[in-house]
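Throughout, read-outs are computed from the coordinates displayed, never taken from laboratory work. None of the values given here were measured: they were computed from a predicted structure. Counting neighbours? That spans all protein chains shown, and the Cβs are built from the backbone with ideal geometry, glycine included.
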Amino acid sequence: MKDRMNSHIQRSIDAKTAILNDAEFLALVEQSATLCADALRQGKKILFAGNGGSASDAQHLSAELVGRYKFDRASLAAIALTTDTSALTAIGNDYGYDDVFSRQVSGLGQEGDVLVAISTSGNSANIIKACDVAAKKGLKIVGMSGAKGKLKELADVCLAVQAPETATIQEAHIMLGHIICDGIEQILFPELNS
């Protein structure tokens, strides 16, 4: 058990160290935070979507913006498209699971909003469809993926974590999401960071 624990921890450290030492990747993280902050400053919103563990990340990061991350400040407009069970089950039943996010982006998304699309494989069909609809409606797309997949091609900015296991990618995604939330607060509320 100890060897497995150590291996797991080391994989997570290695993935995060690779990010820390990659100036181009860090520039993409900063660009993601700026893209989101600019949309919020213009009265737009951030939509989050993902499946499984990525659905949890979508809810978690949306809550950080609507509630607070580090500072007491105005609530920010963010919606996790993973939380409305009636919409998810109705769309899944009537159209199919591949449409559960694209239908919501179609109905809720507006030009200038940002879709944060999270898929460790980068190929989740419902995430890809949501990105297609988002692009047609004029939303910006921040992708969070693993090393491979179509999401990298569809996103305006994609944080593609180079890691061998889904769990390690997810661990990096939540760290990156927290960094983006921190960046949004720094950009929109500089007086709280002094």
So for the chain, if I pair up every lysine 8 or more residues apart or on another chain, how many of those pairs have alpha-carbons under 21 Å apart? 22
Compactness summary of region 2-189: radius of gyration and Dmax from Cα atoms, Å, are 15.9, 50
Helix-derived [θ] at 222 nm for the chain: sum -39500 (n - 2.57) over DSSP H runs of at least 4, divide by residue count, nearest 500? -18000 deg cm²/dmol
I need Y97, Y69 ordered by Cβ neighbour count within 10 Å, fewest first. Y97, Y69
Surface/4 estimate of mean projected area, convex hull on alpha-carbon atoms of region 1-98, nm²: 9.8
So which DSSP H runs in the chain come out at 24 Å plus along the axis (Cα) with average Kyte-Doolittle of at least 1.6? none
